[in-house]
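Here's the structure we're looking at; comments come further down.
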Amino acid sequence: MTISTIGTALTAQDKNGTVSGATSDFNLFLKLLTTQMQNQDPLKPMDSTEYTQQLAQYTQVQQTTKQTSTLQEILTQLSTQNMAQASGFIGRQASFDTPVSGLSSTGPAQWGYKTDRAITTLTATFADASGKTVATRDIAPDGLTGRVAWDGTLANGSKASDGAYTLSLTGIDANGQAVPVAITSTGLVQDVVGGGAGGSVTLGVNGTQLPMDKLIRLTAS
């Protein structure tokens, strides 16, 4: 087996394997290379350029493996730190910069809204996680700010399943002009979950996990 043959075989394994597999392949490469050098024909020695290039390639794989391992350790520590910080949020009322809120058998989905000018009519549309509209209702405007609570009641009188729902609000002023409405998700923080991408943490509110980086306000319950 030549050096190029060894490299081709191991590279194919790398493409189908994991980082730990790459480390194993590197060790195997060194063993095969050593064996081949010991058994080479003295009259036809191996081309040093070829195995030097191959060795450099696998050295780079080793460095990448170590960097990946170090990065994973950092992300794990970051997630742990974020969870420790977020644990103090449990039991407090929170507002999130998202129109998504949780509906559960223990409580309604809740939101807050804000407009920059007075509105005379306000229509709420509720959509499930797939984006399908499941309910629509008119809401009496209450100044420039207000709250919306939905217990999951559908048009036919049945109840929507527990889960995450997205609120859309359409506001109209006295002149019949549309008014932009900013929406926030609100509720009581019940738990904290870590281990997300990049060490991210989510906060459980009424059975639905919301990203901590969307948190904009905390108040005593």
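The values are calculated or read from the model by the stated rules, or taken from the named source; none is laboratory data. This is a predicted model, so every value here is computed, not measured. All Cβ positions, even for glycine, are placed from backbone atoms using ideal geometry, and neighbour counts span all protein chains on display.
Looking only at region 162-204, filter to residues that are of a type in the set (S, T, N, Q) and in contact (Cβ under 8 Å) with a residue 40 or more places away in the chain; which one of those is farthest from THR123 (Cα to Cα)?
Kept after step one, since they are of a type in the set (S, T, N, Q), are these residues of region 162-204: 166, 168, 170, 175, 177, 184-186, 190, 200, 202.
Next, only the ones that are in contact (Cβ under 8 Å) with a residue 40 or more places away in the chain stay: 166, 168, 170, 184-186, 190, 200.
Values: THR166: 14, SER168: 8, THR170: 5, THR184: 16, SER185: 17, THR186: 19, GLN190: 30, SER200: 34 Å.
Looking at residues that are of a type in the set (S, T, N, Q) and in contact (Cβ under 8 Å) with a residue 40 or more places away in the chain, I get SER200.
Which ones in region 84-111 are more than 19 Å from GLY207 (Cβ to Cβ) and either without any contact (Cβ under 8 Å) to a residue 24 or more places away in the chain or not acidic (Asp, Glu) (or both)? Spell out how you get there, then give the answer.
So in region 84-111, the residues more than 19 Å from GLY207 (Cβ to Cβ) come out as 84-85, 88, 97.
ALA84, GLN85, GLY88 - these are the residues of region 84-111 that are more than 19 Å from GLY207 (Cβ to Cβ) and either without any contact (Cβ under 8 Å) to a residue 24 or more places away in the chain or not acidic (Asp, Glu) (or both).
Considering only residues that are farther than 27 Å from LEU215 by Cβ and aliphatic (A, V, I, L, M), look in region 142-185 and name the one that is farthest from the chain's Cα centre (by Cα). Walk me through how you get there before you give the answer.
We begin by selecting, within region 142-185, every residue farther than 27 Å from LEU215 by Cβ; these are 153-159, 172-178.
Imposing the further condition that a residue be aliphatic (A, V, I, L, M) reduces the set to 154-155, 172, 174, 178.
Working: LEU154: 30, ALA155: 33, ILE172: 35, ALA174: 41, ALA178: 34 Å.
Here the answer is ALA174.
Within region 126-141, is there a residue that is farther than 25 Å from SER104 by Cβ, at pLDDT below 95, of a type outside the set (Gly, Ala, Ser) and over 26 Å from the mean Cα position of the chain (by Cα)? Before you say what the answer is, go through the steps one by one.
First, pick out the residues of region 126-141 that are farther than 25 Å from SER104 by Cβ: 140-141.
Subset that is at pLDDT below 95: 140-141.
Now restrict to residues that are of a type outside the set (Gly, Ala, Ser): 141.
With over 26 Å from the mean Cα position of the chain (by Cα) added as a condition, the list becomes 141.
There is at least one residue in region 126-141 that is farther than 25 Å from SER104 by Cβ, at pLDDT below 95, of a type outside the set (Gly, Ala, Ser) and over 26 Å from the mean Cα position of the chain (by Cα).
Check region 92-102 and report whether any residue there is aliphatic (A, V, I, L, M), touching a strand residue (DSSP E or B) at 6+ places or on another chain (Cβ under 8 Å) and either within 29 Å of VAL192 (Cα to Cα) or modelled with pLDDT of 65 or more (or both). Before the answer, list the steps.
Taking region 92-102 as the starting set, the residues that turn out to be aliphatic (A, V, I, L, M) are 94, 100.
Now narrow it down to the ones that are touching a strand residue (DSSP E or B) at 6+ places or on another chain (Cβ under 8 Å): 94, 100.
Next, only the ones that are either within 29 Å of VAL192 (Cα to Cα) or modelled with pLDDT of 65 or more (or both) stay: 94, 100.
Within region 92-102, one or more residues are aliphatic (A, V, I, L, M), touching a strand residue (DSSP E or B) at 6+ places or on another chain (Cβ under 8 Å) and either within 29 Å of VAL192 (Cα to Cα) or modelled with pLDDT of 65 or more (or both).
Being surrounded by 14 or more Cβ atoms within 10 Å (Cβ to Cβ), farther than 25 Å from THR219 by Cα and assigned by TED's automatic domain parsing to the domain that holds LYS214 narrows it down to one of ALA94, ALA124, ALA155, so name that one.
Values: ALA94 fails: farther than 25 Å from THR219 by Cα; ALA155 fails: surrounded by 14 or more Cβ atoms within 10 Å (Cβ to Cβ).
None of the other options fit; the residue is ALA124.
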